[in-house]
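Enquirer: Got a structure for you, questions after.
The values are calculated or read from the model by the stated rules, or taken from the named source; none is laboratory data. Computed from a prediction, not measured in an experiment: that's the story for all the values here. Cβ coordinates were reconstructed from backbone atoms using ideal geometry, including for glycine residues, and neighbour counts include every protein chain displayed.
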């Protein structure tokens, strides 16, 4: 698998950093960087479908596509946590905020989200409600990091209302866990469970 890297580091900016203002260092001393590359990646399921349709291996390149890969890296005291966003990020209409990527160790978490358009602040809070990282979003993705594995991402509107959240264990609705707050007009998916066969 070939990979062509065009690494681009986005420049730092003073003041309250937005998503595109990377690299930056959080209040807890975690440095967050982002690099962008164009990479040739295999298309999921393509080889299997090709074999079923053609009964032969796909020709070189037929099951590959050049995609944009964004690498978000959090570094703290020698520990490195990396998470990837592959391709263009679109928010699932089921959710008010898109959870693009999340990766964590026992001590460091890196979370990348696509916040709602009415968001003025995106923050990362621990289980006690203490805000450990906070940014003013620009367009696109927002990357945050904190020193805990139990952190919730919150999108906050101008009046201080939390308009969307992505807790570490998801949002529990009717015994089903969803990754983030549902969109206002979302229809909760229904899972149909087949009835048991009648007993003779």
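Enquirer: Taking the condition of being under 25 Å from residue 106 (Cα atoms) and assigned to a loop (DSSP other than H, G, I, E, B), how many residues in segment 149-170 meet it?
Expert: 7
Enquirer: Is it fair to say residue 64 is touching a helix residue (DSSP H, G or I) at 6+ places or on another chain (Cβ under 9 Å) and modelled with pLDDT of 90 or more?
Expert: yes
Enquirer: In contact with a strand residue (DSSP E or B) (Cβ under 6 Å, 6 or more places away or on another chain) and either modelled with pLDDT of 90 or more or not in a strand (DSSP E or B) (or both), is that true of residue 47?
Expert: For residue 47, the condition - in contact with a strand residue (DSSP E or B) (Cβ under 6 Å, 6 or more places away or on another chain) and either modelled with pLDDT of 90 or more or not in a strand (DSSP E or B) (or both) - is not met.
Enquirer: Could you look through segment 123-142, keep only residues that are modelled with pLDDT of 95 or more and within 15 Å of the chain's Cα centre (by Cα), and pick out the one that is surrounded by the fewest Cβ atoms within 10 Å (Cβ to Cβ)?
Expert: Per the criteria, the residue is 123.
Enquirer: I need the full set of residues from segment 72-101 which are touching a strand residue (DSSP E or B) at 6+ places or on another chain (Cβ under 8 Å), surrounded by fewer than 17 Cβ atoms within 10 Å (Cβ to Cβ) and either farther than 27 Å from residue 188 by Cβ or at pLDDT 95 or above (or both), in order please.
Expert: Of everything in segment 72-101, those that are touching a strand residue (DSSP E or B) at 6+ places or on another chain (Cβ under 8 Å), surrounded by fewer than 17 Cβ atoms within 10 Å (Cβ to Cβ) and either farther than 27 Å from residue 188 by Cβ or at pLDDT 95 or above (or both) turn out to be 80, 82, 84, 86.
Enquirer: Right, here's the next one. Surrounded by fewer than 19 Cβ atoms within 10 Å (Cβ to Cβ), under 18 Å from residue 83 (Cα atoms) and modelled with pLDDT under 95: is that true of residue 194 in this structure?
Expert: no
Enquirer: Using the structure shown, decide if residue 22 is at negative phi and either modelled with pLDDT of 90 or more or loosely packed, with under 15 Cβ neighbours inside 10 Å (or both).
Expert: no
Enquirer: Another one. Closer than 26 Å to residue 179 by Cα, at pLDDT 90 or above and surrounded by fewer than 19 Cβ atoms within 10 Å (Cβ to Cβ): does that describe residue 31?
Expert: Yes; evaluated as a whole, the condition is true for this residue.
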